[in-house]
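Input: a single structure, listed below in structure tokens.
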Amino acid sequence: MFIQLSLPAALLGLALGGSAHAAAPAKPYADVEKAIAPLLGTVPIERISPSKFGSLLEVVTPRGLIYTDKTGSFVLFDVTAIDTRTQENLTEQRNNELGKFEFADLPLKDAIKTVRGDGSRVIATFEDPNCGYCRKLIGELKKVDNLTVYTFLVPIMAADSATKSAAILCSPDPAKTWVSHMTDNSPLPAATDCATPLERNAALYRKLRLNGTPAILFQSNTRTPGYIPAERIEARLAGGK
């Protein structure tokens, strides 16, 4: 098994309670949490548990998975673990488990809807107007016929992503504005003051444990992170990988 690491340049004490008669049991790995919490800043630690990678502990946070040892003496950020026998992305599998979803439960009213052909096949995407690979993805989606795409805008790429997203969502025809801006770099209309779902989209993005744009969700309750070409989208729609 091979673990590929990409580390950034910079890298609750015990919760006590209970009655006067009995103290609550110590929080599991509280000492580890105390040791690594300063490195995470304001990012909360949801839980710490044994991982499938030997003696490493898995640390679940809203920003993704982190690994440490049983004393919290080091932290591994941005880890991608690949099974050398099957070539499967074990990190992606684990994130999928933690961010399990039902496509039917997605709040599609908060997404931009575009339809090609009869629209009988349906996907949802999470995208940012400043995302270069999102532009490439739209070009590939144009090659896939009979497709409905629900695009959740999540402004995570740049300082003006939120302003651009609001301008798109508040335009008279968000779908047309979105596609023309991403394919032809058409200028966006001046932003108007309207209610947008951007905060809800951001909360959904975190709940699903997505990490970057684009991300594609399928009706089979599966997902793929990042850009993929049209032929792979077709394969996923047909039930493949």
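With the helix formula -39500 (n - 2.57) applied to DSSP H stretches of n ≥ 4, the chain reaches a computed 222 nm mean residue ellipticity of -8000 deg cm²/dmol. The alpha carbons of the stretch 103-237 stretch over 39, 31, 24 Å along the principal axes, in descending order.
Over the C-alpha trace of the stretch 157-241, radius of gyration and Dmax come out as 15.0, 43 angstrom. Lys and Arg at +1, Asp and Glu at -1: add these up for the other residues within a Cβ distance under 15 Å of residue 81 and post the number. In short, -3. For the pair residue 145 and residue 100, a Förster radius of 35 Å applied to the C-beta separation gives a FRET efficiency near 0.75, rounded to the nearest 0.05. Listed by chain and number, the lysines whose C-alpha is less than 17 Å from the C-alpha of residue 164, apart from same-chain residues fewer than 8 away, are 176.
May I ask for the net charge around residue 227, where only other residues with Cβ less than 9 Å from the Cβ of residue 227 are counted and Lys, Arg are +1 while Asp, Glu are -1? Provide the component values of the computation, followed by the final result.
Values: positive: 136; negative: 140.
Around residue 227, the charge tally is 0.
Give me the net charge of residue 143's neighbourhood, meaning all other residues with Cβ under 15 Å from the Cβ of residue 143; Lys, Arg count +1, Asp, Glu -1. All intermediate terms of the calculation are to be shown ahead of the outcome.
On the way: positive: 116, 121, 135, 136, 142, 232, 236; negative: 140, 145, 231, 234.
For residues surrounding residue 143, the net value is +3.
Applying the Karplus relation 6.51 cos²θ - 1.76 cosθ + 1.60 with θ = phi - 60° to the stretch 96-111 yields 3J(HN,Hα) values of 5, 4, 6, x, 4, 9, 10, 4, 5, 8, 5, x, 5, 5, 8, 10 Hz, where x marks Gly and Pro.
Extension gain for residue 74 to residue 87 (0.36 nm times residue separation, less C-alpha to C-alpha distance): 2.0 nm. Residue pairs exceeding 24 angstrom between C-alpha atoms, taken from 52/136; 100/136; 109/142; 113/143: 52/136; 100/136.
Under the Kirkwood approximation for Rh and a Cα-based Rg, what ratio Rg/Rh is obtained for the chain?
Details: Rg = 20.8 Å, Rh = 20.1 Å.
Rg divided by Rh gives 1.04.
The gain in end-to-end length when the residue 40 to residue 234 segment is fully stretched comes to 65.9 nm, 0.36 nm per residue minus the alpha carbon separation.
Each reported figure results from applying straightforward, stated rules to the coordinates on display, with no laboratory input. In this text, all values refer to a predicted model and were calculated from it rather than measured experimentally. We place every Cβ from the backbone using ideal geometry, glycine too, and count neighbours over all the protein chains shown.
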